[in-house]
C-alpha cells in the first residue's frame, strides 16, 4: 500500500492507494469501533449490487443507508434522508460516516457530515475512476438545486481516502470513460507529459499504468488544494480544477441531471474551453483538434447529442458559482499543460463556444 499526504494543518489526511484495500479499510473501521465511535455507511443501489462483499465483510456491522443511483440523488430530499439516518442511528459528534460510491455519494455524504451536529468526520471509499482521481480528494462537498449544479455545499475535508483500484473492474465502460474526462483535464491543465501519454496509448481498466495515472492526478490536485484550499486565490489556484466545468455544469443543468454523466458533460465542456482558448489566441486549431481526438479515443462525447437552447445555457453560466461581479469566470489554456483563470470574457465569445459544441439559438 502507498499513501499520499494532503497537508492542510489540522485538516491533513492521507490518500491510501492499492489494488485491494479490504484489510486496511477493515482495520480502520475496527480501530474506530474499538474506540467507541459509531461508524455508518452511505452507498447506492448500484454499489450494493456490484460490491455486496464490501458491505457484508469489509464494513461488517456498520449500519448502512442505500440510496438510488444517479445525479438526482445529490438533492435536498436525499440530504434530509441522510441526516435522518444519522439521527436514527444515534450518531454523536464522534460518529464517522463512510461514503462508498462515486462522486454523487461522496459529495452528498461529505456535505451531510459537514452539517450534521455542525460537523462529523467522514471517510471516502471511491468506487469510480472519476471519484478516485477528483471528487474524493480536496474536501469540496455539496448538492445540486434547481438553479444549478453544486450551488449548495461546504468545504469539509475527509478523515481519509482509500483508493482501491481493483474496484474499477466492476465499473461499466461508460462510467470508466466518464472518469477519463477528469484524467484528461489534469493533463491539459498541469501535465503535458500525462496528456501525451494518453494520446499515445488510451487508458483502459486493464492498463498496467492505470494506478500510476490515478496517483498522478491525485498529486496534481493535492498540490493545488494545499495552495488554495477554499478557492480564494484571485488568479489561478483551485479554480483551475474547473477547466471545462463552467460549460459542463451548464450542459448538465439544461439537459437535465442524469442525461449526461458528469464526466461526459465535462468532456464536451473541455472542447468548448479549447475553442475559447483558441479564439483568445492562446492555442492553435491543431491543438484544439488534439484535445478533441484524445477525448474521442477514450469514448467520450465532444459535442451535444441533441441541441440545447443557447439562452438557457448562458443563463446557467450566469448562475455559476464562479461568477465574479456579474461576469462568468472561465478557465482557459495558455498551452497544453498550462491553464489560467480569466475574468471578463465577453458573452458573445462564450456563446460562440457553445455553438461550436452544438447549442442552438
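Looking for something assigned by TED's automatic domain parsing to the domain that holds residue 249 and over 23 Å from residue 260 (Cα atoms) - is there at least one such residue anywhere in the range 309-318?
There is no residue in the range 309-318 that is assigned by TED's automatic domain parsing to the domain that holds residue 249 and over 23 Å from residue 260 (Cα atoms).
In this structure, is residue 300 part of a helix (DSSP H, G or I) and assigned by TED's automatic domain parsing to the domain that holds residue 177?
No; evaluated as a whole, the condition is false for this residue.
Please specify each residue of the range 145-174 satisfying the condition of being crowded, with 23+ Cβ neighbours inside 10 Å, assigned to a strand (DSSP E or B) and in contact with a helix residue (DSSP H, G or I) (Cβ under 7 Å, 6 or more places away or on another chain).
149, 162, 163
Looking at residue 131, is it on the phi < 0 side of the Ramachandran plot and in contact with a helix residue (DSSP H, G or I) (Cβ under 8 Å, 6 or more places away or on another chain)?
Yes.
Count, please, the residues in the range 309-338 that happen to be in a loop (DSSP other than H, G, I, E, B) and closer than 24 Å to residue 289 by Cβ.
Residues flagged as in a loop (DSSP other than H, G, I, E, B) and closer than 24 Å to residue 289 by Cβ within the range 309-338 amount to 2.
Check residue 150 against each of (1) at pLDDT 95 or above; (2) at positive phi and name the one condition it does not meet.
So the condition that residue 150 fails would be (1).
Regarding the range 275-291, can at least one residue be identified that is within 21 Å of the chain's Cα centre (by Cα), outside any strand (DSSP E or B) and either over 21 Å from residue 149 (Cβ atoms) or in contact (Cβ under 8 Å) with a residue 60 or more places away in the chain (or both)?
Among the residues of the range 275-291, at least one is within 21 Å of the chain's Cα centre (by Cα), outside any strand (DSSP E or B) and either over 21 Å from residue 149 (Cβ atoms) or in contact (Cβ under 8 Å) with a residue 60 or more places away in the chain (or both), which makes the answer yes.
For the range 191-231, enumerate the residues that are assigned to a helix (DSSP H, G or I) and either closer than 21 Å to residue 167 by Cβ or in contact with a strand residue (DSSP E or B) (Cβ under 6 Å, 6 or more places away or on another chain) (or both).
The answer is 210, 211, 212, 213, 214, 215, 216, 217, 218, 219, 221, 222.
Could you run through the range 13-47 and say how many residues are assigned to a loop (DSSP other than H, G, I, E, B), exposed (fewer than 14 other Cβ atoms within 10 Å of the Cβ) and either free of Cβ contacts under 8 Å to residues at least 60 places away in the same chain or not assigned by TED's automatic domain parsing to the domain that holds residue 71 (or both)?
2
Results for (1) in contact (Cβ under 8 Å) with a residue 24 or more places away in the chain; (2) over 18 Å from residue 13 (Cα atoms); (3) touching a helix residue (DSSP H, G or I) at 6+ places or on another chain (Cβ under 7 Å); (4) part of a loop (DSSP other than H, G, I, E, B), shown as yes or no for each residue.
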position: 49; (1), (2), (3), (4): no, yes, no, no
position: 72; (1), (2), (3), (4): yes, yes, no, no
position: 90; (1), (2), (3), (4): yes, yes, no, yes
position: 98; (1), (2), (3), (4): yes, no, no, no
position: 114; (1), (2), (3), (4): yes, no, no, no
position: 117; (1), (2), (3), (4): yes, yes, no, no
position: 138; (1), (2), (3), (4): yes, no, yes, yes
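Residue by residue through the range 339-356, note down the ones that are assigned to a loop (DSSP other than H, G, I, E, B) and in contact (Cβ under 8 Å) with a residue 12 or more places away in the chain.
343, 344, 345, listed by residue number.
Rundown of residues vs (1) free of Cβ contacts under 8 Å to residues at least 12 places away in the same chain; (2) under 19 Å from residue 242 (Cβ atoms); (3) crowded, with 21+ Cβ neighbours inside 10 Å, yes/no style:
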residue: 185; (1), (2), (3): no, yes, yes
residue: 189; (1), (2), (3): no, yes, yes
residue: 192; (1), (2), (3): no, no, no
residue: 195; (1), (2), (3): no, yes, yes
residue: 199; (1), (2), (3): no, no, no
residue: 212; (1), (2), (3): yes, no, no
residue: 215; (1), (2), (3): no, no, no
residue: 219; (1), (2), (3): no, yes, no
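Among the numbered criteria (1) farther than 27 Å from residue 235 by Cβ; (2) within 21 Å of the chain's Cα centre (by Cα), which single criterion is violated by residue 332?
Of the numbered conditions (1) farther than 27 Å from residue 235 by Cβ; (2) within 21 Å of the chain's Cα centre (by Cα), the odd one out for residue 332 is (1).
Mind checking whether some residue in the range 232-253 is at pLDDT 95 or above, within 28 Å of residue 105 (Cα to Cα), in contact with a strand residue (DSSP E or B) (Cβ under 8 Å, 6 or more places away or on another chain) and in a loop (DSSP other than H, G, I, E, B)?
Checking the range 232-253: at least one residue is at pLDDT 95 or above, within 28 Å of residue 105 (Cα to Cα), in contact with a strand residue (DSSP E or B) (Cβ under 8 Å, 6 or more places away or on another chain) and in a loop (DSSP other than H, G, I, E, B).
Look through 255, 274 and report the one residue that is assigned by TED's automatic domain parsing to the domain that holds residue 339 and either closer than 22 Å to residue 139 by Cα or surrounded by 24 or more Cβ atoms within 10 Å (Cβ to Cβ) (or both).
Unique residue meeting the criteria: 274.
Inside the range 336-361, can you point out the residues that are more than 25 Å from residue 151 (Cβ to Cβ) and within 23 Å of the chain's Cα centre (by Cα)?
Within the range 336-361, 336, 337, 338 qualify.
Within the range 74-88, restricting attention to residues that are over 20 Å from residue 38 (Cα atoms) and out of contact with any helix residue (DSSP H, G or I) (no Cβ under 9 Å at 6 or more places or on another chain), which residue is surrounded by the most Cβ atoms within 10 Å (Cβ to Cβ)?
Restricting to residues being over 20 Å from residue 38 (Cα atoms) and out of contact with any helix residue (DSSP H, G or I) (no Cβ under 9 Å at 6 or more places or on another chain), the top hit is 76.
The values are calculated or read from the model by the stated rules, or taken from the named source; none is laboratory data. Only a predicted model underlies this, so the values are computations on that prediction, with no experimental measurement involved. Cβ: placed from backbone, ideal geometry, glycine included. Neighbour counts: every protein chain shown.
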